1. Report whether or not residue 42 is within 16 Å of residue 84 (Cβ to Cβ), open to solvent by 50 Å² or more (accessible area, probe 1.4 Å) and at pLDDT below 95.
2. So in the range 61-86, with the set limited to residues that are assigned to a strand (DSSP E or B) and more than 15 Å from the chain's Cα centre (by Cα), which one is farthest from residue 17 (Cα to Cα)?
3. Sort through 57, 74 and tell me the only one that's open to solvent by less than 40 Å² (accessible area, probe 1.4 Å) and more than 19 Å from residue 3 (Cα to Cα).
4. Considering only the range 22-38, I want to know if a residue exists there that is of a type outside the set (A, V, I, L, M), in contact with a Phe, Trp or Tyr (Cβ under 7 Å, 6 or more places away or on another chain) and part of a loop (DSSP other than H, G, I, E, B).
Amino acid sequence: MKETKKIEDNWTPVWNEEFTFPLTVPELALLRVEVHEYDMTEKDDFAGQNCLPVWELKQGIRAVPLFDRKGDKLSSVRLLMRFEFI
């Protein structure tokens with residue numbers, strides 16, 4: 001499990017962080033992405049999630065849709081992610 005740094009008071013945050021995950025069986029691997037709104041005074045608010053089968057990922061920049069806790073797609077919400085495979 002990896003976690004990005006927290007960014008405060010920004011409507012269009014950019015993290016520019018890179019994570020490496022060694023895989024032994026890529027055909028069975030899933031990448032779970034969960035987004036939270038950072039809150040200094042209270043518990044962070046859940047903003048969305050997605051679970052991506054690694055074998056379906058394509059190299060490059062992708063607009064990844066987010067879903068609520070029930071699995072319903074959030075309209076007009078995307079997380080730009082760059083995937084690179086070594």
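The values are calculated or read from the model by the stated rules, or taken from the named source; none is laboratory data. Model, not experiment: these values are computed from the prediction. Because the Cβ atoms are built from the backbone with ideal geometry, glycine has one as well, and the counts that use them run over all protein chains shown. For the accessible areas, the whole protein counts, side chains as well, though only heavy atoms, and no ligand, DNA or RNA atoms are used. Shrake-Rupley method; radii C 1.70, N 1.55, O 1.52, S 1.80 Å.
1. Judged against the criteria, residue 42 is not a match.
2. 75
3. After applying the criteria, what remains is 57.
4. No, every residue in the range 22-38 fails to be of a type outside the set (A, V, I, L, M), in contact with a Phe, Trp or Tyr (Cβ under 7 Å, 6 or more places away or on another chain) and part of a loop (DSSP other than H, G, I, E, B).
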